[in-house]
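For reference, the structure discussed in these notes is given below.
The values are calculated or read from the model by the stated rules, or taken from the named source; none is laboratory data. Keep in mind that what you see is a predicted model, and the values were worked out from it rather than measured. Glycine also receives a Cβ, built like all others from the backbone with ideal geometry; neighbour counts cover every protein chain displayed.
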Amino acid sequence: MVPAPAYLALSAVLFTLGAVGVLVRRNALIIFMAVELMLNSVNLAFVTFARQHGSIDGQVAVFFVLVVAAVEVVVGLALIVDIFRSRETVDIDDVDLLRG
Amino acid sequence: MLSLLIFLPLAGAVLLALLPRERQAAIRWAGLAASLATLLVAARLFQIFNPASGDMQFVAHATWVPTLGIGYAVGVDGISLVLVGLTAVIFPLALLGSWGSITERLKAFTMSMLGLETAILGTFLSLDLILFYVFWEAVLIPMAFLIGLWGSENRRYAALKFFLYTMAASVLMLVAIIALHVIAIDGLGERTFDLARLATLSLPPEVQGWLFAAFALAFAVKVPIWPLHTWLPDAHTEAPTAGSVILAAILLKLGTYGFIRFGPTLFPDALLAAAPLLAALAIIGILYGALVSWAQTDLKRLVAFSSVSHLGFVMLGLAALNVQGFQGGLIQMINHGISTGALFLIVGVLYERTHSRLIADYGGVAARMPRFAAVFTVVMLSSAALPGTNGFVGEFLILLGAFRTSAWWAALGAGGVILSVVYLLWAYQQVMHGPLVAKHPDRLVDLTRRELAVFAAIIVMIFAVGLYPRVLLDRSEATVNAVLARLQRPAATAVTVSPR
Amino acid sequence: MVWPLLGWLTNGLIGRRLSRALAGELACVTVAASFVSALGVLLAVRPAGATDAAVSIVIPLFRWLGAGDLWIDASLIIDALSLVMALVVSGVGFLIHVYSLGYMADDPDLPRYFAYLNLFMFAMLLLVLAGNLLVLFIGWELVGVCSYLLIGYWFARPAAATAGRKAFIVNRIGDAAFLLGLFLLFTQLRTLDILQIRDGAPHLPEGVRTLAALLLFAGATGKSAQLPLHVWLPDAMEGPTPVSALIHAATMVTAGVFLIARLDRLFLTAPVALFVVGIVGALTAFFAATVALRQYDLKRVLAYSTISQLGYMFVAMGALAPVAGIFHLVTQAFFKALLFLAAGSVMHAMHDVIDMRRLGGLARPLRWTAGGFLIGVLAIAGVPPFAGFFSKDLILEEAFALGLSTGNFLPYALALVTAFVTALYMTRAAMLTFSGRPAEAAAHPHEAPPSMLVPMTALAALSVGGGLLGARVAGEPLVEFLAPLIGVKAGEGAVVHPPAGLLVGISIAVALAGIVAGIAVHRGRRDPALGAIAAFLERRWYIDDLYDAVIVAPGRALARWLAGPVDLGIIDGAVNAVGRVLAAVGRAARRLQTGYARQYALGVLVGTLIIVGYWMLR
């Protein structure tokens, strides 16, 4: 039996990896994957706590997160494809229409 | 009855939306018909209104957002009655008066006007603070469109200024409304925005002071009280004729109406305390507006500043806090609506013909447009408060009311009576008298039948109110007494001498 | 009274479609109808006996407005005073309407002229018959408007339009004071009904009475062109001459005098106010007479003489003798209208030339006109048996009596000097205009048409015989008629009566001396060189210039200053500054939006960490 703190540590590491990935990468697809990584790290934490407390709430929350993530992937990938079509790049630094 | 009155113009606007935009004549007539139908309803209301009662009449209630205690409540008393009458009368005239000048986007224009009428009527008739606020802000939208879409060169600046200025001022009023609501939760043990319920609260003077200040700021900008008036000349000058007419004739009255409706009812102590300040600002406004008018080169700006002066008289009457002052203020609101509305129509007539508002571009117009000259003379004299015209009744009562509160107020106000003649006659002489000056003299054709009809209606009103003001005064007297009773002034001013 | 109103309505609305002649005749008929009505009322009242003339008949019309304890009834009042005034107004008015038919025959805009004239008649009759001070005030302001409209009748001439405006504005200044007086009376007495005020006034506190009387008198100075508000009347001569005769000589300008007579009990019980009235009247009389010595415009001379004569009337009021004032008002209406009509006839003949330096020798071609003018001169100079003699002499006597009883001889002295100057300048005007060789050979003067001559003849007759109305030899019918009603000398005690014969002698001597001096000085149709004094008089004591420099110009500058730097600069500037500051904040905040999504993400992360950290460390 692997102790719960180990799962949590893994979750934290994954989350940090994701966060760093979002911050340092410029390719939109990679950033996207990093975001997914963060989401799933949170899922992992949820499941861990659910098991530790013997409650089902955390597992339910994971389902929600999965659903939302799936939706987000659909919308996000569509956006990226559309941006690529119009700008021929997925480098997010080149997409600065909202720059003040 | 009242809901019908409020939403009739809006219904007209919706129906208008169904008309194809090319059929300009049909749109014009439909718009006029909608406003005339409203006038008919208002006339009926005028007829069946019971002048002996100072209470709200024809009250209608409905729940709107029950969890927050927001209700739909409308009702009419002597004060709102005359203002509703004014609104109903002015709108058809403004629509008719702009037939010649508005040709682009006519459908949208007419719909804006009708929507504006609904919002204004709603503001006058609301008895629920949230409902009042909704209508109050709803007025801004069509008005800003009217200025921004159909105005002259500098219209976007003016529309933005108008919108932001008045909006910013009224946000604090919303805060104060919510504060009242919260106080009422404790004080009355219920969630309500109903004016009659809130009026039963007895607020400590300090709270009254803050809340009144928030309300007063919103109203003061709308009136406008000096020195919060600078949106007005820009908005007036840039707006299309019909917009200026509505703006001057009715919109400004929303502010003074607000003072009458909410001041004595919700914040009697604060109003008593603030009266000298209001009077001082009013007097400054009277003299300042008149002097500044005199120095204008743009005829429309001149009329706009004369509004500042006239509204100063209204505020002076209200600040006098006695029957004559209130009645005078009320009737002056009507008068200003008629006379200044007419002055804007007059400027509009000139502008339509020569496309210039500059006083220097005119001279000797009377020789080419004798009928117009006669109309202008009458309107000018009414604006200058000549006895026998409507203006005099208002100014006389206001100054009398002010005199009884403080002789100095009246003496200074009387200075405004002199100055009003100075700038009006000056402008009249520059434009109408002397040798003919005009870039295109042949364009100065006399009034058409349509214009003549509009002005004939106005002139009839000028003399009707001037010679028999009791049509209005009798209807508002009981209400004014009831409102003033809340101020609990010494009995001397509240005594009514029965007719001999 | 309703008749001229009807005339105004018809002429104003459909006058354009009527034939020109009909418009004028209609106007005349309506005024004549008023005169006949007034006469009818007089005869109806009269049989009740002269002693009952004090009775005032009040005719309520309708309740005009009410607010709180204020109730204003529109009502008319018919008594001796209002009847006398109504008769003078409608009588002289009728003659001048007829005269206008001839004088204005060539004007293209005739219906408008007669519409204004009729409106004026209505307003004036409303004024004199009003039973309520507020109704009186309506007439009071309305005559001001008509005067504005009629002075500026030839609006294409800038001078006329400006003069009309000036008249209105100056009148308004007085009216504002009048209004304040009304407020004061109302707050004290709770009524504006004239009869109730007459009854209530003596019971008011002294200070209130004085203040109210002074405020109302300030209104009267505006309308009756007394110092310091006289400046509009000479300029008003830009209007058509019949208008000058009717409004600015015979009727409207006397409204101030009428007002004081109407409210006699208020004024007679306010000694301080009366003192002011008398002094102002005397000063005005003297001032205007001296100015008239050096004017070259014939109508302006007459205008200043009107101001001067009005000053006399106020002297009478100040001397506790309203009846004498009203008497002079009546006779002045006759002879001054006559003088103006004669002057109009001269203008008519000389194609609107009115500068006396360009006139002369007109006695021969304009025989009737010259005769009329001469009668007018004699009347105004106070030569017996012409009308002016009796009324002016009565005023002088009363002023002397005032001097005896109060020691204030200033009004009498000034009035006496003025009588001399009056005779002098009127003689000068007559000499310059009618005697000597024709100055303008080019013009071919022609005598006026009958429609102008007949009214002049009638007025001449009245100028000759009108004095009998108040002459002692004729039993003073006018005085008898009016005295029971007005001029009750409340509590004045025994009035010392001066030696009448001596005073009469003095005034006659003064008048004749003036005329003789006038003939002597102006024999060569030239003015004696007087240097600085002449310039001083010609510039009207520099009062107009003073007003321009002290009031008008600074007012204009103030208005410009307020409209420019203050309104646009400071107030609107502050508003726009708020907008600019907000916009600047927005611009500064815009820098944060770099467009790099990762920076935003970093911001989110840092923010989250801070919040989480705060929660954990708390």
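Here are the numbers for this structure:
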quantity: Leading residue by the ranking (nearest to the chain's Cα centre (by Cα)) among those in region C:180-210 that are of a type in the set (S, T, N, Q) and in a helix (DSSP H, G or I); calculated: C:T210
quantity: Where a residue in region B:468-482 is more than 10 Å from chain C (Cβ to nearest Cβ) and its partner, wherever it lies, is surrounded by fewer than 23 Cβ atoms within 10 Å (Cβ to Cβ) and charged (D, E, K, R), with Cβ under 9 Å and at least six apart; calculated: B:A478/B:D55; B:T479/B:D55; B:A482/B:D55
quantity: One residue from C:A220, C:A177, C:A213 being more than 24 Å from C:L246 (Cβ to Cβ), in contact (Cβ under 8 Å) with a residue 24 or more places away in the chain, part of a helix (DSSP H, G or I) and more than 11 Å from chain B (Cβ to nearest Cβ); calculated: C:A213
quantity: Only listed residue being of a type in the set (D, E, K, R), crowded, with 16+ Cβ neighbours inside 10 Å, away from every other protein chain (no Cβ under 14 Å) and more than 27 Å from C:L562 (Cα to Cα), chosen from B:R197, B:R155; calculated: B:R197
quantity: Any chance B:I185 is β-branched (V, I, T) and within 14 Å of chain C (Cβ to nearest Cβ); calculated: no
quantity: Those helices (runs of 4 or more DSSP H) lying entirely in region B:360-472 with at least 1 residues acidic (D, E), farther than 27 Å from B:G328 by Cα and touching a helix residue (DSSP H, G or I) at 6+ places or on another chain (Cβ under 9 Å); calculated: B:449-467
quantity: Region A:68-95 residues that are under 11 Å from A:L29 (Cα atoms), paired with ones that are at pLDDT below 80 and part of a helix (DSSP H, G or I) (beta carbon under 6 Å, 6 or more apart); calculated: A:I92/C:A597
quantity: First in region B:322-338 and part of a helix (DSSP H, G or I), second anywhere and of a type in the set (K, R), Cβ under 6 Å, 6 or more apart; calculated: B:M333/B:K253
quantity: Residue match in region C:126-135 (condition: facing chain B (nearest Cβ under 9 Å) and either at pLDDT 80 or above or over 25 Å from C:D193 (Cβ atoms) (or both)); calculated: yes
quantity: Residue match in region C:60-79 (condition: surrounded by 24 or more Cβ atoms within 10 Å (Cβ to Cβ), away from every other protein chain (no Cβ under 14 Å), at pLDDT 70 or above and under 27 Å from the mean Cα position of the chain (by Cα)); calculated: no
quantity: Filter result for C:A535 (at pLDDT below 70 and either loosely packed, with under 13 Cβ neighbours inside 10 Å or closer than 30 Å to B:W231 by Cβ (or both)); calculated: yes
quantity: Residues that are assigned to a helix (DSSP H, G or I) and either over 18 Å from B:F163 (Cβ atoms) or touching a residue at least 24 places away in the same chain (Cβ under 8 Å) (or both), drawn from region C:582-597; calculated: C:A584, C:V585, C:R587, C:A588, C:A589, C:R590, C:A597
quantity: Any hit, region B:258-270, residues being within 14 Å of another protein chain (Cβ to nearest Cβ), of a type in the set (V, I, T) and surrounded by fewer than 23 Cβ atoms within 10 Å (Cβ to Cβ); calculated: no
quantity: Leading residue by the ranking (farthest from the other protein chains (Cβ to nearest Cβ)) among those in region B:326-338 that are within 13 Å of B:V393 (Cα to Cα) and not aliphatic (A, V, I, L, M); calculated: B:H336
quantity: Filtered residue count, region C:580-608, keeping only those that are away from chain A (no Cβ under 13 Å) and surrounded by 14 or more Cβ atoms within 10 Å (Cβ to Cβ); calculated: 0
quantity: Residue that is aliphatic (A, V, I, L, M) and surrounded by fewer than 24 Cβ atoms within 10 Å (Cβ to Cβ), where the choices are C:L320, C:L310, C:L216, C:L227; calculated: C:L227
quantity: Count - residues of region A:29-51 that are within 13 Å of chain C (Cβ to nearest Cβ) and either under 10 Å from A:V62 (Cβ atoms) or more than 13 Å from the chain's Cα centre (by Cα) (or both); calculated: 1
quantity: So B:T67, is it among the polar types (S, T, N, Q) and part of a helix (DSSP H, G or I); calculated: yes
quantity: Counted residues, region B:381-425 - those being farther than 23 Å from C:T187 by Cα, touching a residue at least 12 places away in the same chain (Cβ under 8 Å) and at the interface with another protein chain (Cβ under 7 Å from one of its Cβ atoms); calculated: 3
quantity: Residues that are within 17 Å of C:D107 (Cβ to Cβ) and either among the aromatic types (F, W, Y) or crowded, with 23+ Cβ neighbours inside 10 Å (or both), drawn from region C:147-163; calculated: C:L149, C:L150, C:I151, C:G152, C:Y153, C:W154, C:F155, C:A160, C:A161
quantity: Cβ-Cβ under 9 Å pairs, at least 6 apart or on other chains, region B:226-237 side more than 10 Å from chain C (Cβ to nearest Cβ), far side surrounded by fewer than 24 Cβ atoms within 10 Å (Cβ to Cβ) and not in a helix (DSSP H, G or I); calculated: B:A235/B:G151; B:T237/B:G151; B:T237/B:S152; B:T237/B:N154; B:T237/B:D298; B:T237/B:R357
quantity: Region C:295-307, residues that are aromatic (F, W, Y) and buried (at least 24 other Cβ atoms within 10 Å of the Cβ); calculated: C:Y304
quantity: Condition met for C:A123 (within 13 Å of chain B (Cβ to nearest Cβ) and surrounded by fewer than 24 Cβ atoms within 10 Å (Cβ to Cβ)); calculated: no
quantity: Residues (in a helix (DSSP H, G or I), small (G, A, S) and more than 15 Å from B:L140 (Cα to Cα)) located in region B:195-241; calculated: B:A196, B:G209, B:A213, B:A214, B:A216, B:A220
quantity: Unique residue being at pLDDT 80 or above and farther than 30 Å from C:L462 by Cβ when the list is C:A255, C:A218; calculated: C:A218
quantity: Qualifying positions in region C:136-174 - within 15 Å of the chain's Cα centre (by Cα), more than 7 Å from every other protein chain (Cβ to nearest Cβ) and among the basic types (K, R); calculated: C:K166
quantity: Residue check, B:V171 more than 30 Å from B:F109 (Cβ to Cβ) and either within 14 Å of chain C (Cβ to nearest Cβ) or not small (G, A, S) (or both); calculated: no
